[in-house]
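K.L.:
First the structure, which I've put down as structure tokens, then a few questions once you've had a look.
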Amino acid sequence: MAKKAHRTIRLNDYTPYPFLIDKVDLDAQLDPAVTRVTAKLKMKPNPEAKMPGGPVVLDGHGLELVEVKIGGRKLNADDYTLDAEHLTIHKVPDRAFTLETTSTCNPEANKALTGLYRSRGIYCTQCEAEGFRRITYYPDRPDVMSIFTTRIEADAADTPVLLSNGNLIDSGKLPKGRHFATWNDPFRKPAYLFALVGGKLGHIKDTFKTASGRKVDLRIYVEPGKEDRCAWAMDSLKRSMRWDEKRFGREYDLDIFMIVAVSDFNMGAMENKGLNVFNDKLVLASAETATDGNYESIEAVIAHEYFHNWTGNRITCRDWFQLCLKEGLTVFRDQEFTADERSRTVERIGSVRGLRAAQFPEDAGPLAHPVRPESYIEINNFYTSTVYEKGAEVCRMLQTLLGVDGFRKGMDLYFERHDGEATTVEKFIACFEDACKADLTQFMLWYRQSGTPELVCTMDYDAKKQQAALTIEQVLAPTPGQPKKKPFHMPVRMGLLGGNGDALALTLADGSTVDDGILELKKAKQTFTFKGVTSRPVASLLRDFSAPVNLSFAQSTDDLEFLMVHDSDLYNRWQAGQTYATRLILELMAKKKGAKAGPKDLARAIGHTIADDKLEPAYRAMMLALPSESDIAREVRTNVDPAAIHAARQTVRREIGMTLRDDLEKLYAKYAQKGPYKPDAASAGQRSIRLAALGMMTVEERPADVAKLAAHFSSATNMTDQMTALAYLADIDGPERIKALAAFEKQWGGDSLVMDKWFATQAMSDLPGTVEAVEKLQQHTLFQLTNPNKVRALIGAFAQGNQLNFNRADGAGYSLVAGVVIELNKHNPQVAARLTGAFRSWQTLEPKRRKLAKAALESVHVSQGLSRDVFEIVSKTLQEQD
Ligand code: TRP
Ligand code: ZN
């Protein structure tokens, strides 16, 4: 294996950069194989770190250095040292000076998709976290902020559109068919927010008038011919801009805001100042090609990147350990946007589902880390759901504890105090302490301690005293590097329901009442005694999922059914259904005899909800969905057998579908589409309940059911209907499946983005031959290992979205994924490392699978030329817990 030591970077080692950079002038001569970049840096010593005279250490990776000048004078080879990662200039003046470097890079050969690369003829950059060093020599760290002026020169025919951050200040023709454009960004920014784009691009445009009356040009650039799929993204952008003004008082600050969509992209999107770059799947949408889910993600990610303009760009991170400062906060902001634009309850359930599916297993496994990590080998591995989604939950808890108005006051102070700075989590939290006169010392533990707390709750009712005593204990299991933990400060939102489902007053023994039902938990074990409770109440705990914890509370199935019907907190009505279903599935797996309730009882409670027209269709669709196989696996905890989970879940699902068939058929008929497709949340909600009903009412897979699915597929006039029916058919072996997959391929074979759905749906099938099918699909002409969307659609969907077949008992799923990781590691370490994350829960598996998964991981570990990215994930994942 690659025995070279990979250095660990630590938060405690932070020191300021010894120089300040007042201005950066870049000149990029674009060429597919030899792009030449000259960077002029106006530098001076940083008074906060006195080291006059140098050395100056610049980051640089994969560059060919042409020359170095100081004050216009060319340096000799012995004036500097060049290694694989740095350019070190031994001596510089002890006052202001200009450092100029010229270097070249090769965009066409860049398949890592970081730095400057070419995707389908379009030059584009990705600099976060440390990609700028692949473009030019620079102190590539977020606390070095500067004013960038960027001149781009290229062949006018081949590369007609030239974009960078800020405002266009000059452009023109040059001899030999070349042309140029010069952009200036007046806001100081770190290098990770730099962007440059060049190519043949079409665009749509619009304008936005800010609250203070300034006019902003809005543009979305795409491959020519795709302009008609940008309308939804533009609409989402304008709504995001308005929302940030209304909810947080934040206006846009440049004269132009641009979005560029590219096909080869390592993640979702990137918030470069004034020039966001997007994975095209998060921009392009039409009724025929995009599902309701696609529309929803486009809206959310457009909002997310736009919101970064204030939380991330105007105020950025001092160092990469502070990543949650921008990401957790911006996810929280985009979730709130979605809640306001769509449905608060549906958004909340969706976010909690996502948190549990991705973050909880991370926090319970070998890769667990705090929301603010304290060390890393490769920073790209820390763009995790802990930093993003748990980071957002931490912001949400702040809002719950301080109130919406208190939270806003803290945010206002944050923007006022730290605008233009690169700052820290401590400084952020201090704003809330100062604005709200709050003590958040203990709350800071959420940034330092990893692991999902478990709240063990008991409720004792004393009929004689008419008292209900709720005891909550925080159980904090050890996580890697953190054997012992301190109790957290968190809000537990709750209510007590009386016999008719009415809300009981929450009066504590001392006569005080619990405001908004929010208990503030601070100790390891706390008891809250409520008085004046005249009959046994039913407790509704952790309403709205007020803290990112696991709740352990023994409630009878009767109480759960009661909550499913009566709880005024819609989130907890849903949660009660999930808890109920989980219990049934676990009991079935344990073959528990004499269980009080069965699937028919659960079906009765679900039937009650889905028939309730006062509830939103999208919410009712969620009530119909059983917990996922991974949800069940997390409850099983150890010796997990994914095949047994799949079988038990299917049994419960089938019984519910059979019991409710008449009701489901009515829903299916009732919500049939009327009029043309509309992507708004209400229309999407109607499709979602109708399609959920379709899935459940055909669970028996009788010939008539399969015919119904096939008919739904072939009569579909939008992608949501077409794709959902295809996904259902993909789980049913037979000629209809083959026919539908072939028809889809024939219809969409020319559209690479749509074909990603076709790959994914086959990869997620629960049929027995799926591993072999995925192997074979890798040979399909459209499948490319250099296109991350393809890798995610086929291999990612298989590894993360198909618990049954990825965990096939003979280990074939593990070998397949390990093989792809080894290949991918050679050209795209970032995407390879992400895929390796699919193995994060291997230690919870039953012994046979555990052994096979471990062997697959070891095959990656010993492979040649392992990148720092994959090395970190695979070596940490292999470390055995307990
Ligand atoms: N900052 C981006 C976001 O909004 C995520 C990001 C980090 C990213 N590194 C990236 C995107 C590399 C694409 C490629 O969340
Ligand atoms: Zn982000």
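K.L.:
I'd like to verify a number: residues in segment 539-574 that are in a helix (DSSP H, G or I), open to solvent by less than 40 Å² (accessible area, probe 1.4 Å) and without any contact (Cβ under 8 Å) to a residue 60 or more places away in the chain, how many?
P.N.:
8
K.L.:
All but one of (1) farther than 26 Å from Ile377 by Cα; (2) polar (S, T, N, Q); (3) more than 11 Å from ligand 1 (Cβ to nearest atom); (4) surrounded by 24 or more Cβ atoms within 10 Å (Cβ to Cβ) hold for Ser286; which doesn't?
P.N.:
(4)
K.L.:
Which residues, taken from segment 114-141, are assigned to a strand (DSSP E or B) and not hydroxyl-bearing (Ser, Thr, Tyr)?
P.N.:
Initially, segment 114-141 is screened for residues assigned to a strand (DSSP E or B), giving 115-119, 122-126, 138.
Answer for segment 114-141, where residues must be assigned to a strand (DSSP E or B) and not hydroxyl-bearing (Ser, Thr, Tyr): Gly115, Leu116, Arg118, Ile122, Cys124, Gln126.
K.L.:
Quick test for you: out of Arg134, Arg178, Arg120, pick the one residue that is within 16 Å of ligand 1 (Cβ to nearest atom) and open to solvent by 10 Å² or more (accessible area, probe 1.4 Å).
P.N.:
None of the others qualify; the one that does is Arg134.
K.L.:
Determine which single condition Phe248 fails, assuming it passes every other condition in (1) open to solvent by 10 Å² or more (accessible area, probe 1.4 Å); (2) out of contact with any Gly (no Cβ under 9 Å at 6 or more places or on another chain); (3) among the aromatic types (Phe, Trp, Tyr).
P.N.:
Condition not satisfied by Phe248: (1).
K.L.:
If the requirement is being among the acidic types (Asp, Glu), more than 30 Å from the chain's Cα centre (by Cα) and at pLDDT 95 or above, which of these qualifies: Glu629, Glu616, Glu655?
P.N.:
Working: Glu629 fails: more than 30 Å from the chain's Cα centre (by Cα); Glu616 fails: more than 30 Å from the chain's Cα centre (by Cα).
Sole residue among the options that is among the acidic types (Asp, Glu), more than 30 Å from the chain's Cα centre (by Cα) and at pLDDT 95 or above: Glu655.
K.L.:
For residues that are farther than 13 Å from Val817 by Cβ and touching a residue at least 40 places away in the same chain (Cβ under 8 Å), scanning just segment 843-853, find the one that is surrounded by the fewest Cβ atoms within 10 Å (Cβ to Cβ). Working first, answer last.
P.N.:
First, pick out the residues of segment 843-853 that are farther than 13 Å from Val817 by Cβ: 843-851.
If we keep only those that are touching a residue at least 40 places away in the same chain (Cβ under 8 Å) as well, we get 843-847, 849.
Numbers: Gln843: 20, Thr844: 19, Leu845: 20, Glu846: 17, Pro847: 8, Arg849: 23.
The residue in question is Pro847.
K.L.:
So is Gly406 modelled with pLDDT of 95 or more and away from ligand 2 (no atom under 16 Å from the Cβ) or not?
P.N.:
yes
K.L.:
Here is a check on your reading of the model: is Thr720 surrounded by 22 or more Cβ atoms within 10 Å (Cβ to Cβ), in contact with a His (Cβ under 9 Å, 6 or more places away or on another chain) and not hydrophobic (A, V, I, L, M, F, W, C)?
P.N.:
On the way: surrounded by 22 or more Cβ atoms within 10 Å (Cβ to Cβ): yes; in contact with a His (Cβ under 9 Å, 6 or more places away or on another chain): no; not hydrophobic (A, V, I, L, M, F, W, C): yes.
In short, no.
K.L.:
So how many residues does segment 830-882 have that are more than 26 Å from the chain's Cα centre (by Cα), part of a loop (DSSP other than H, G, I, E, B) and of a type in the set (Gly, Ala, Ser)?
P.N.:
The total comes to 2.
K.L.:
Does Phe360 satisfy the condition of being away from ligand 2 (no atom under 16 Å from the Cβ), open to solvent by less than 20 Å² (accessible area, probe 1.4 Å) and farther than 30 Å from Ser688 by Cα?
P.N.:
Numbers: away from ligand 2 (no atom under 16 Å from the Cβ): yes; open to solvent by less than 20 Å² (accessible area, probe 1.4 Å): yes; farther than 30 Å from Ser688 by Cα: no.
It is false that Phe360 is away from ligand 2 (no atom under 16 Å from the Cβ), open to solvent by less than 20 Å² (accessible area, probe 1.4 Å) and farther than 30 Å from Ser688 by Cα.
K.L.:
Scan segment 214-255 residue by residue and report those that are of a type in the set (Phe, Trp, Tyr) and within 20 Å of Pro679 (Cα to Cα). Before the answer, list the steps.
P.N.:
Step one: list which residues in segment 214-255 are of a type in the set (Phe, Trp, Tyr), which gives 221, 232, 243, 248, 252.
Those that are of a type in the set (Phe, Trp, Tyr) and within 20 Å of Pro679 (Cα to Cα): Trp232, Trp243.
K.L.:
Please go through segment 289-335 and pick out each residue that is away from ligand 1 (no atom under 11 Å from the Cβ) and either among the aromatic types (Phe, Trp, Tyr) or at positive phi (or both).
P.N.:
Tyr295, Trp310, Phe321, Phe332, listed by residue number.
K.L.:
Could I ask something else about it? Is there any pair with a first residue in segment 346-372 that is more than 17 Å from Gln803 (Cα to Cα) and a second that is surrounded by 21 or more Cβ atoms within 10 Å (Cβ to Cβ) and among the charged types (D, E, K, R) whose Cβ atoms are under 6 Å apart and which are 6 or more apart or on different chains, and what are they?
P.N.:
From residues that are more than 17 Å from Gln803 (Cα to Cα), the pairs are Leu355/Glu389; Val371/Lys390.
K.L.:
Residues that are of a type in the set (D, E, K, R) and within 30 Å of Ala618 (Cβ to Cβ): does segment 525-533 have at least one?
P.N.:
Of all residues in segment 525-533, those of a type in the set (D, E, K, R) come to 525, 531.
Now narrow it down to the ones that are within 30 Å of Ala618 (Cβ to Cβ): none.
No, the conditions are met nowhere in segment 525-533.
K.L.:
Let me ask another. Which condition from (1) touching a helix residue (DSSP H, G or I) at 6+ places or on another chain (Cβ under 7 Å); (2) open to solvent by 20 Å² or more (accessible area, probe 1.4 Å); (3) more than 15 Å from ligand 1 (Cβ to nearest atom); (4) among the basic types (Lys, Arg) is the one that Lys281 breaks?
P.N.:
Going through the list (1) touching a helix residue (DSSP H, G or I) at 6+ places or on another chain (Cβ under 7 Å); (2) open to solvent by 20 Å² or more (accessible area, probe 1.4 Å); (3) more than 15 Å from ligand 1 (Cβ to nearest atom); (4) among the basic types (Lys, Arg), Lys281 breaks only (3).
K.L.:
Looking at (1) open to solvent by 20 Å² or more (accessible area, probe 1.4 Å); (2) part of a helix (DSSP H, G or I), which is the only condition Met755 fails?
P.N.:
Met755 satisfies all of (1) open to solvent by 20 Å² or more (accessible area, probe 1.4 Å); (2) part of a helix (DSSP H, G or I) except (1).
K.L.:
So, in segment 297-312, of the ones that are farther than 22 Å from Glu227 by Cβ and open to solvent by 10 Å² or more (accessible area, probe 1.4 Å), which residue ends up nearest to ligand 2 (Cβ to nearest atom)? I'd like the intermediate steps shown before the answer.
P.N.:
Of the residues in segment 297-312, the ones farther than 22 Å from Glu227 by Cβ are 300, 304, 307-312.
After this cut, where a residue has to be open to solvent by 10 Å² or more (accessible area, probe 1.4 Å) as well, the list is 300, 304, 310.
Details: Ala300: 11, His304: 6, Trp310: 12 Å.
Among those residues, the one meeting the criterion is His304.
K.L.:
In segment 854-875, is there at least one residue being open to solvent by less than 10 Å² (accessible area, probe 1.4 Å), acidic (Asp, Glu), closer than 21 Å to Thr384 by Cα and more than 16 Å from ligand 2 (Cβ to nearest atom)?
P.N.:
yes
K.L.:
Among the numbered criteria (1) open to solvent by 60 Å² or more (accessible area, probe 1.4 Å); (2) in a loop (DSSP other than H, G, I, E, B); (3) without any contact (Cβ under 8 Å) to a residue 40 or more places away in the chain; (4) closer than 27 Å to Phe806 by Cα, which one does Glu700 miss?
P.N.:
(3)
K.L.:
Next question. Could you give me the residue pairs with C-beta distances under 6 Å whose first residue belongs to segment 422-434 and is among the small types (Gly, Ala, Ser), whose second residue is part of a loop (DSSP other than H, G, I, E, B) wherever it lies, and which are 6+ apart or on separate chains?
P.N.:
As it stands, the answer is Ala422/Pro142; Ala422/Asp143; Ala422/Arg318, since those pairs meet every condition given.
K.L.:
Then there is this: Residue under question is Leu615, and the condition is that it be open to solvent by less than 40 Å² (accessible area, probe 1.4 Å) and part of a loop (DSSP other than H, G, I, E, B); does it hold? Outline the logic, then answer.
P.N.:
Numbers: open to solvent by less than 40 Å² (accessible area, probe 1.4 Å): yes; part of a loop (DSSP other than H, G, I, E, B): yes.
Against the criterion (open to solvent by less than 40 Å² (accessible area, probe 1.4 Å) and part of a loop (DSSP other than H, G, I, E, B)), Leu615 qualifies.
The values are calculated or read from the model by the stated rules, or taken from the named source; none is laboratory data. Only a predicted model underlies this, so the values are computations on that prediction, with no experimental measurement involved. Cβ sites come from the backbone with ideal geometry, for glycine too, and all protein chains shown count toward neighbours. Accessible surface is based on the protein model in full, side chains and every heavy atom, while ligands, DNA and RNA are left aside. Shrake-Rupley method; radii C 1.70, N 1.55, O 1.52, S 1.80 Å.
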